[in-house]
1. Any idea which of V34, V16, V4, V8 is modelled with pLDDT of 95 or more, in the same structural domain as I212 (by TED's automatic domain parsing) and under 25 Å from V426 (Cβ atoms)?
2. Looking at segment 377-430, which of its residues are touching a strand residue (DSSP E or B) at 6+ places or on another chain (Cβ under 8 Å) and over 30 Å from P29 (Cβ atoms)?
3. Spot the failing condition for D385; the list is (1) under 18 Å from I368 (Cα atoms); (2) touching a Cys at 6+ places or on another chain (Cβ under 8 Å), and only one is missed.
4. Just give me the residues in segment 46-62 being in a helix (DSSP H, G or I), closer than 18 Å to D215 by Cβ and at pLDDT 95 or above, in sequence order.
5. Scan segment 229-264 for residues that are of a type in the set (D, E, K, R) and farther than 23 Å from Q282 by Cα and jot them down.
6. If G24 meets every condition in (1) under 14 Å from T346 (Cβ atoms); (2) touching an Asp or Glu at 6+ places or on another chain (Cβ under 6 Å) apart from one, which number is that one?
7. Name the one entry in L370, L380 that is touching a Cys at 6+ places or on another chain (Cβ under 9 Å) and surrounded by 17 or more Cβ atoms within 10 Å (Cβ to Cβ).
8. Among residues belonging to segment 300-320 that are outside any strand (DSSP E or B) and of a type in the set (A, V, I, L, M), point out the one that is nearest to D335 (Cα to Cα).
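The values are calculated or read from the model by the stated rules, or taken from the named source; none is laboratory data. Because the structure is a prediction, the values reported are computed rather than measured. Quick reminder, even Gly has a Cβ in these numbers, built from the backbone with ideal geometry, and neighbours come from all protein chains shown.
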Amino acid sequence: MEFVIEKVLPNGLGRVGVIKTAHGEIKTPAFMAVGTRGYVRFISADDLHELGAQAMLSNGYHLRRQAAKIAKAGGLAEWKPLSFDQPFPFTEPAASRPVVTGETCFGRSPLVAKSSLERESLLKAHELRPDGLPAKSWQGPTLTDSGGFQVMSLGSGLGKVVSMEKERHVTNTAHKERLAHVSEDGVSFTDPFDGEPDFIGPEESMQIQCQIGADIHMAFDELTSLADTYEYNIEAMQRTERWAERSLREHLKHRDGLGYRQNLYGILQGGRWEDLRRQTAQNLAKMRVDGAGFDGFGLGGAFLKEDLGEILRWCNEELPIEKPRHLLGLSHPDDILIGAEMGADTFDCVAPMREARHGKIYTRNGNINLRKFADTGETLDQSCDCTTCKAGWTRGSLRAMWRSGDAEKKAKYYNLASIHNLRFIVRLTEEIRKAMLGDYFDEYRREFLAKYYTEA
């Protein structure tokens, strides 16, 4: 992998560049679409390309049981996420979910099976994904997360990056109620889907990710929560650094196993404390195993939203400028803007698609909730260039599909709304890149935020 820096902001941190991987280039700053199980729910691979997505992030934790099949297919960029290879991540009855035999929901009418068995048979016969869309491989740059966030979620029961107010007084889940327990070896946990005991450590994570074969992997880490003390953050950070060295050592054994170079990022923890953030950045930057270091770095952790800019500054002032940096799990426009300004190159988050499925639509004048827009012909966003907006879908028509009890209409809504929201964030990073190259980033940021954080 090669990272070419094209321009650096006057603050010495924000920059524009190109990450060159075995499966293509990523022009930064860039937002990665989240396909947790190897595909983005309700958005086809063709849709992703059309809306300008450059890369997809999947999760080693969720794909660990399909890793061998993915390796046999040639890696994540070549793998078809067929329905019978993985569990379906929905809760409604399987028979009620449409099977799309055409080109996404814009093609032929979806078939609704009479039983779960009939639905699975249709999906298998037509080589479809669990969401009923064509099981076409992504064939572009990919990244996998190690599962550290899932470990924290099972262990503490808390979310990741939080709002400025709502989690100031958080507490962790009681120890006896946790599904995951951390030791020096790794993490023992109970799989929440089947109730079976499992274990992942640095070596297992690297073996899984190297079978999945993404272009970029994340070292195994322990993500603390806001409820954890400074003393525990020291303990967890030091353990994460020991796991980082073990990850690097194991990764070197397998990184070329699929016939192309797979790259490894070290992940920075340290909570909200400057001394810990700077110390771990220095330690990971100089870490070597048999002369090899990390190919880039992941900027992780649980912290208050208002601290984001300062934490990124502490980290990126210490990290080598020639290595790319990925900001994990953030997609709000203000977070991306401050992230890009403070030196993050790539971003990911499931929120654009998840919020779309719950009726939240992104616009230049702020988010809207479709519950408020019955019987209106108003467009989603007059300035949007996504295929949903260009096709003329209105707030009222999308609301009607979303609130309908018809599985076919709801699936179509999920597709249209998800495309719109993801394109909105992808376009934001495209415009940030253009503004940085054109020397008007500060002006762009002020104008964007002034419009976005007003009532739509």
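1. V34
2. Selection gives G377, E378, G392, T394, A407, E408, A411.
3. (2)
4. L48, H49
5. Of all residues in segment 229-264, those of a type in the set (D, E, K, R) come to 231, 235, 239, 241-242, 245-246, 249-250, 253, 255-256, 261.
Hits for segment 229-264 are K253, R255, D256, R261.
6. Of (1) under 14 Å from T346 (Cβ atoms); (2) touching an Asp or Glu at 6+ places or on another chain (Cβ under 6 Å), only one is false for G24: (2).
7. L380
8. Residues of segment 300-320 outside any strand (DSSP E or B): 300-303, 305-320.
Checking which are of a type in the set (A, V, I, L, M) leaves us with 302, 308, 311-312, 319.
Working: A302: 14, L308: 8, I311: 12, L312: 11, L319: 20 Å.
Only one residue tops the list, namely L308.
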